[in-house]
2 protein chains.
Amino acid sequence: MEFLEQAQRARAAARALATASRGRKDAALAAMAQHLLDAADTVLAANALDVTAAQEAGTEASLIDRLRLTPERVAGMASGLVDLAGLADPVGDVVRGWTNPNGVQVRQVRVPFGVVGIIYEARPNVTADAAGIALKSGNAALLRGSSSALHSNRAIIEALRAGIATTDLPVDAVQLVEGGREVTADMMAARGLIDVLIPRGGAGLINAVVEGAKVPVIETGTGNCHLFVDASADPDMALEILLNAKTQRPSVCNALETLLVHADIAPSFLPRALAELECAGVTVHGAPDVAAFSERIVPAGPDEFDAEYLTLDLACAIVPDLDAALDHIAGHTTGHSETIVTADLANADRFTAEVDAAAVLVNASSRFVDGGEFGFGAEIGISTQKLHARGPMALTEMTSTKYVVTGRGQTRA
Amino acid sequence: MEFLEQAQRARAAARALATASRGRKDAALAAMAQHLLDAADTVLAANALDVTAAQEAGTEASLIDRLRLTPERVAGMASGLVDLAGLADPVGDVVRGWTNPNGVQVRQVRVPFGVVGIIYEARPNVTADAAGIALKSGNAALLRGSSSALHSNRAIIEALRAGIATTDLPVDAVQLVEGGREVTADMMAARGLIDVLIPRGGAGLINAVVEGAKVPVIETGTGNCHLFVDASADPDMALEILLNAKTQRPSVCNALETLLVHADIAPSFLPRALAELECAGVTVHGAPDVAAFSERIVPAGPDEFDAEYLTLDLACAIVPDLDAALDHIAGHTTGHSETIVTADLANADRFTAEVDAAAVLVNASSRFVDGGEFGFGAEIGISTQKLHARGPMALTEMTSTKYVVTGRGQTRA
C-alpha cells in the first residue's frame with residue numbers, strides 16, 4: 001500500500017480513537033495480547049527468517065540478540081499489552097480550568113495527538129510496545145521498523161490487527177509502514193498527516209530524523225551521563241552509585257559515562273574507586289592526573305568526554321571545585337541525567353538548579369531515570385529535548401491538550 | 001557580530017537567567033520599561049526612517065500601520081513590560097512530585113528553555129513584547145526582526161539592553177540578530193544553541209521556518225475558524241456571535257472565516273444573517289444554495305473554504321446535519337478555534353469531543369481564544385501545533401521542565 005493511503009487511513013482511525021472510551025481501548029489491548037500469544041509460533045518462525053538473514057549478513061551478536069525473539073519474549077510483549085490495559089487513561093483529564101470574569105468557562109483537556117509515527121531499529125518488541133502505548137493514549141500508530149526485522153514485524157502487526165478486528169476499534173489504528181528509504185522521507189515530510197514523529201534508536205537514526213523532519217519530532221536522545229563526586233561525598237555511597245550507574249546495565253542511555261571527582265577527595269576516593277571499577281571490568285579513560293592513581297588508566301583522547309560509550313568504559317577527570325564540575329558538564333552534557341554525590345546542601349542545591357538536563361540527581365543512581373522506575377508503567381522513550389516532554393515519556397506525554405470554551409452567547413467587547 | 005558569537009553569548013546569558021529570582025527579573029523588566037520611555041524620541045526618530053523607506057518602497061498601508069510607532073505605542077510597549085513584572089513567575093513551579101517505593105524522591109520542576117529564537121515581521125512592538133516575555137520566563141532571546149524595521153528594532157533593543165545593564169542580569173539576555181537571509185538559515189540550523197524557535201507572522205514565514213528548521217519550532221499558525229449554527233441554535237445568539245467573530249477585528253487569527261448553517265435553520269436564519277453581514281460590510285462567498293437567500297453572494301471558488309481571509313470576507317455553506325459540519329471542519333480546519341452555537345447538549349458534547357483544534361467553543365465568540373482574554377496577562381502567540389503548547393501561549397508555555405531526583409544513596413537492583 002502507498003504511504004499516503006496508509007497515512008490517510010491512520011488519520012481516519014485517529015478520529016475514531018480520539019473519542020474511544022478507556023474500556024474500549026483496554027478491550028482492544030487485551031485482544032491484541034491474546035492474538036499475539038495465539039500467533040506465537042508464526043511470529044517465532046518469521047523471526048527465525050530475520051535472524052538467519054542477519055547472521056548470514058554478518059551482523060554483530062549484540063544486534064542479533066536485540067532482533068531475536070523467544071517464546072518468553074513474545075509472552076513478554078503480550079503481558080506488556082495487558083499491563084497497559086491496567087494503566088489510567090490520560091485522555092479526558094482536565095489539566096486546568098477557570099471561569100473568565102464574563103462567565104465564559106475554559107477547560108484545558110487532554111486529547112490524543114492523532115497520528116504518531118515511530119521510526120525504530122531492528123527490535124521487534126518495539127512494534128508491540130509502541131502500538132500498545134499509542135493505542136492506549138488514543139493515537140493511531142504508523143510503525144516504521146527496520147527492514148532487517150520485516151518478517152517479524154509483519155507477523156506481529158498481523159496478530160495485533162487481528163486482535164483489534166475483534167473489537168469495535170478500527171484496525172488501521174496500527175499499521176506497519178513498509179518500503180525503501182524514500183518512505184522514511186515521506187513520513188518526515190508528512191505535515192498534516194503525522195502529528196508527531198518519534199525516532200527510537202541510535203544517535204545516527206535520531207539525528208537524521210531530527211534534521212530532516214518537517215513534522216514535529218520528539219528526540220529520544222543519547223545520554224553522556226556524568227557523576228560528580230563532591231569533596232563532602234560519603235565515599236561508600238559514591239562508590240556504590242558509581243558502580244551501579246556504570247555497570248548495572250552499561251548499554252542503556254541512563255548509564256554513567258563520565259566520572260568527575262573533586263580534587264580534595266581524589267587522593268582518598270580514586271584509588272579505591274579505580275580498583276573496584278577494574279574488578280568490575282571497567283576500562284577507565286583519563287588524563288595523567290587520574291593515571292597517577294592507577295596503572296591501568298587509558299590515556300583520554302580529545303573527544304573522550306563527549307563519548308557515549310554504552311560499554312564498560314568510563315571517562316574520568318579530576319576537577320578543582322563544583323564550578324569546574326558545572327562548567328565541564330555544561331560543555332559536554334547531552335541533557336539526559338546528571339548526578340552529584342554530596343553531603344553539602346548548598347552544593348546539592350546549586351547542582352540541581354544549574355545543571356541543564358532532563359534529570360538531575362542527588363545521591364542516587366542515574367539508572368533510576370526510567371519510566372518504569374518512575375512508576376509510569378510504560379515508556380516510549382526518554383526525551384532529551386525541551387519541547388513538550390523532557391525525561392521519561394509515558395502515556396501522558398503521548399497526548400496534547402485542547403481548550404474547551406463554553407458560554408451563553410458572550411461576545412468580545 | 002557573527003551569529004555564532006551572538007548565540008554563544010545568548011547561551012551564557014541563559015545560564016545566568018536560569019537561576020535568576022523573580023525579583024531580579026522583575027527589576028530588569030522595570031528598568032527596560034524606564035529606559036524605553038527615556039529613549040522614546042530616539043525610537044520614534046529611528047522608526048520614522050523605517051516608515052519613510054517603506055512608503056518610498058510602496059509598501060501597503062496596513063503594513064505601514066503595523067510598522068509605525070507613536071508616543072502612545074512606545075508607552076504601550078513600556079507598560080507591557082511593567083505588566084509582565086506583575087505576573088507570577090512559572091520558573092520553579094513544581095508540576096508534580098512523588099516518592100518511589102525505595103524512598104527516592106522525584107519532583108518535576110519548571111525551568112526555562114534556555115535560548116529562544118523569535119523570527120517575526122515588521123512590527124517593532126513585538127521586539128519589546130518578545131524580549132520581555134522571554135526574560136520573565138528566564139530565557140535569553142535572539143530576536144530576528146524584519147529588515148524593514150531595522151532602525152526601529154535597533155533603537156528599541158539598545159534601550160532594553162541599557163535598562164538591563166543597570167541590573168545584575170546579563171545584557172546579552174536580549175539580542176537583535178541582524179544580517180541577510182543566510183542568518184535566518186543559521187538560526188534554523190542552530191541545534192544545541194537555540195532551544196526553541198518561534199516564528200510570528202504570516203503563513204509564508206511560518207511555513208518556511210517549520211519546514212526548514214532543524215531546531216524545535218512552535219508553530220503559531222493560521223486560523224481558518226469555523227462557526228456551525230446548529231438547528232437548535234438560538235438565532236439571536238448565533239447572529240451576535242457570528243457578527244462579533246467576523247467583524248470585531250477581522251485581521252486576526254481567531255476571527256471567523258467560514259460559516260456553516262444547519263439546513264433546518266437556514267431558511268429562517270440565513271436571510272437575516274446575510275442582511276446583517278452585508279450591513280457590516282462583509283462579503284459572503286457561497287454556493288447557489290446560499291445565494292438563494294441573498295442576491296449579493298459571491299460564487300465560492302474551489303479553494304474558498306480553505307481561505308484565511310483576514311478581511312471582511314466570509315465563506316458560507318449549508319450542511320444537512322452535525323455530521324456533515326464535523327466532516328467539513330475536519331477537511332478544512334487549520335486547528336485554531338472552532339465554534340458551535342447550539343441548544344442541544346448532545347451536539348455540544350459531540351462537537352467539543354470530535355473537533356480537533358486548539359480551542360473548541362460552545363455558544364461563545366472565537367475572539368475569546370486569546371492569552372489576554374484567558375487571563376494569562378501575556379501572550380507570545382497562539383500555537384496551532386499539538387506538541388508542547390496548543391492554543392494561547394503565555395509564560396508557562398515558554399518553559400520546559402526537569403526532574404530533580406534525590407536519594408540517600410539508593411542504587412538500582
Residue by residue through segment A:211-223, the couplings from Karplus 6.51 cos²θ - 1.76 cosθ + 1.60 with θ = phi - 60°, in Hz, x for Gly and Pro, are 7, x, 7, 9, 8, x, 10, 9, 8, 9, x, 7, x
With all protein chains present and a 1.4 Å probe, the order of B:K136, A:K386 from largest accessible area down is A:K386, B:K136
For the charge dipole of the protein assembly as shown, defined by +1 on Lys and Arg C-beta atoms and -1 on Asp and Glu C-beta atoms about the Cα centroid, which residue among B:G221, B:L277, A:T283 has the Cα displaced farthest towards the positive pole?
-> B:L277
With the full set of protein chains in place, find how many percent of the accessible area of chain A is carbon and sulfur; take the probe as 1.4 Å.
-> 52
When each copy gets a label point 7 Å from Cα toward the beta-carbon at A:D313, what are the spacings between them in nm, shortest first?
-> 6.2
To the nearest 10 square angstrom, what accessible area does B:T166 show with a 1.4 Å probe?
-> 90
Relative contact order of chain B, pairs being alpha-carbon contacts under 8 Å that are 6 or more residues apart, as % | 18
Evaluated at 4 °C with a viscosity of 1.567 mPa s, what Stokes-Einstein diffusion coefficient in µm²/s does chain B have when Rh comes from the Kirkwood expression over alpha-carbon pairs?
-> 56
Provide a whole-number value for the mean count of partner chain Cβ atoms within 10 Å of the Cβ atoms in peptide B:349-357.
-> 4
Can you pull the mean other chain C-beta count within 10 Å for peptide B:237-250?
-> 2
Dipole size in debye (nearest 20) for segment B:17-66 around its Cα centre, Lys and Arg Cβ +1, Asp and Glu Cβ -1?
-> 480
Sequence-distant residues sharing a close amide H with A:A263 (under 5 Å, placed H) = A:V319, A:D321
Nitroxide proxy distance, nm - points 7 Å out along Cα→Cβ at A:D321 and B:D327 = 7.2
How do B:R412, B:R249 stack up against each other in accessible area, from largest to smallest, with a 1.4 angstrom probe?
-> B:R249, B:R412
Solvent-accessible surface ranking, highest first, for B:D83, A:D129, A:D370 at 1.4 angstrom = B:D83, A:D129, A:D370
What residues from segment A:101-135 fall in the zone where the backbone N is under 11 Å from a label point 7 Å along the Cα-to-C-beta line of A:A12?
-> none
Using the per-residue mean of other Cβ atoms lying within 10 Å as a proxy for protection, in what order, highest first, do the peptides B:51-60, B:11-20 fall?
-> B:11-20, B:51-60
Heavy-atom accessible area of A:E219, protein chains in place, probe 1.4 angstrom, given in Å² to nearest 10, is 40
Checking segment A:246-332 for GluC sites (Glu not before Pro) in a loop per DSSP with at most 13 other beta-carbon atoms within 10 Å yields A:E295
Inter-copy distances for B:A324, label 7 Å out on the Cα-Cβ vector, sorted ascending, nm, one decimal, are 7.7
Assigning unit charges at the beta carbon (Lys, Arg +1; Asp, Glu -1) and nothing else, what dipole magnitude in debye, to the nearest 20, does chain B show about its Cα centre?
-> 2460
How far is it, in nm, from the label point at B:S251 to the one at A:S232 when both lie 7 Å from their Cα along the line to the Cβ?
-> 5.9
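Taking only DSSP H segments of four or more residues, each worth -39500 (n - 2.57), what value at 222 nm results for chain B once the sum is divided by all its residues, to the nearest 500 deg cm²/dmol?
On the way: 14 runs with 171 residues, N = 413.
About -13000 deg cm²/dmol.
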Between A:G381 and residues 5 or more places away or on another chain, which pairs have amide H atoms under 5 Å apart, with H built 1.01 Å from N, and which residues are they?
-> A:M393
Hey, what did segment B:3-221 get for relative contact order, percent, Cα under 8 Å, at least 6 apart?
-> 28
Report the one residue of A:A343, A:F368, A:I241 whose Cα lies farthest in the direction of the positive end of the charge dipole of segment A:241-391 (charges on C-beta: Lys and Arg +1, Asp and Glu -1; origin at the Cα centre).
-> A:F368
Put a dot 7 Å past each Cα toward the Cβ at B:D313 and A:R408; how far apart are the dots in nm?
-> 3.9
Extension gain from A:A263 to A:R22, taking 0.36 nm per residue of separation minus the Cα-Cα distance | 81.2 nm
Note down the accessible area of A:W98, probe 1.4 Å, to the nearest 10 Å².
-> 60
How large is the charge dipole for segment B:62-165, taken about the Cα centre, if only the Cβ atoms of Lys, Arg (+1) and Asp, Glu (-1) carry charge, to the nearest 20 debye?
-> 200
Using θ = phi - 60° and the Karplus relation 6.51 cos²θ - 1.76 cosθ + 1.60, list the HN-Hα couplings for segment A:396-413 in order, rounded to whole Hz, with x at every Gly or Pro.
-> 4, 6, 8, 10, 10, 9, 9, 8, 9, 10, 10, x, 10, x, 4, 10, 8, 6
If you draw the axis that swings chain B onto chain A, which residue of B has its Cβ closest to it, and how far is that in whole Å?
-> B:H388, 2
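Please report, in whole Å³, the volume per residue of the convex hull around the C-alpha atoms of the protein assembly as shown.
In the protein assembly as shown, the Cα hull volume divided by residue count equals 166 Å³.
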Hey, with R₀ at 45 Å, roughly what FRET efficiency would A:A57 and B:A208 work out to, going by the Cβ-Cβ distance, to 0.05?
-> 0.60
Rounded to the nearest 0.05, what FRET efficiency do B:S147 and A:R272 give with R0 = 35 Å and r taken as the Cβ-Cβ distance? Could you check?
-> 0.05
Across the residues of A:382-391, average count of Cβ atoms on other protein chains within 10 Å?
-> 6
Label-to-label distances across copies for A:G377, with labels 7 Å out along Cα→Cβ, in nm, shortest first?
-> 3.7
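The values are calculated or read from the model by the stated rules, or taken from the named source; none is laboratory data. Everything numeric here is computed off the predicted structure, so don't read it as measured data. Don't worry about glycine lacking a Cβ; one is built from the backbone with ideal geometry, like all the others, and counts go over all protein chains shown. Calculation scope for accessible area: heavy atoms of the full protein, side chains included, ligands and nucleic acids excluded. Shrake-Rupley method; radii C 1.70, N 1.55, O 1.52, S 1.80 Å.
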